[in-house]
Structure formats: C-alpha cells, structure tokens
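Trainee: My questions will all concern the structure given below.
The values are calculated or read from the model by the stated rules, or taken from the named source; none is laboratory data. As the structure is a prediction and not an experimental result, all values here were calculated from the model.
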Amino acid sequence: MQQPDPSRDSRQHALSRRKLVARASVAGAAAAAAAALPAVTQGAKAAPSVGAKPDTGSGYQLTEHVKRYYRTAKV
C-alpha cells in the first residue's frame with residue numbers, strides 16, 4: 001500500500017495560490033487599461049490634426065444644389 005504524500009498537498013495549495021495571484025494581477029491590469037482607455041480617446045478627439053484647416057464658420061449651408069437634392073430625394 002502507498003502512503004499519502006503530504007508534500008503533494010502543499011504543492012497543490014501553492015499552485016492554487018499562484019493561479020489566484022496571476023489571475024488577480026491580470027484582472028487588475030485589465031481594469032487599469034479600461035479606466036485609462038476613455039481618457040485616451042477623449043484626448044485624441046480634442047487634439048486638432050496637424051494639417052487641419054481652421055474653422056471658418058462655413059458649416060452646413062442650404063444652397064440651391066442642396067435644395068434640388070432634397071426635392072429629388074422625396075419619397
């Protein structure tokens with residue numbers, strides 16, 4: 001008959017603890033990345049591009065061309 005090996009149980013507990021610590025560190029890194037991600041995307045939207053034209057206030061204008069398109073697009 002074989003006697004149970006007490007050192008085997010301690011190795012399994014140690015391995016279980018290592019997995020717990022590894023998973024906790026991965027979860028912490030993912031949470032930190034998720035928290036930083038919205039700040040990165042907001043900062044990217046706020047920064048003007050290098051070759052962007054200055055805003056001259058010439059946004060949407062209702063011209064004859066646009067009015068003609070609206071007339072032809074009516075259903």
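Trainee: Would you mind stating whether Gly51 is part of a loop (DSSP other than H, G, I, E, B), modelled with pLDDT under 85 and under 33 Å from the mean Cα position of the chain (by Cα)?
Mentor: Yes, satisfied.
Matching residues to (1) part of a helix (DSSP H, G or I); (2) at pLDDT 75 or above:
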position: Pro4; (1), (2): no, no
position: Gln12; (1), (2): yes, no
position: Ser16; (1), (2): yes, yes
position: Arg23; (1), (2): yes, yes
position: Ala36; (1), (2): yes, yes
position: Val40; (1), (2): yes, no
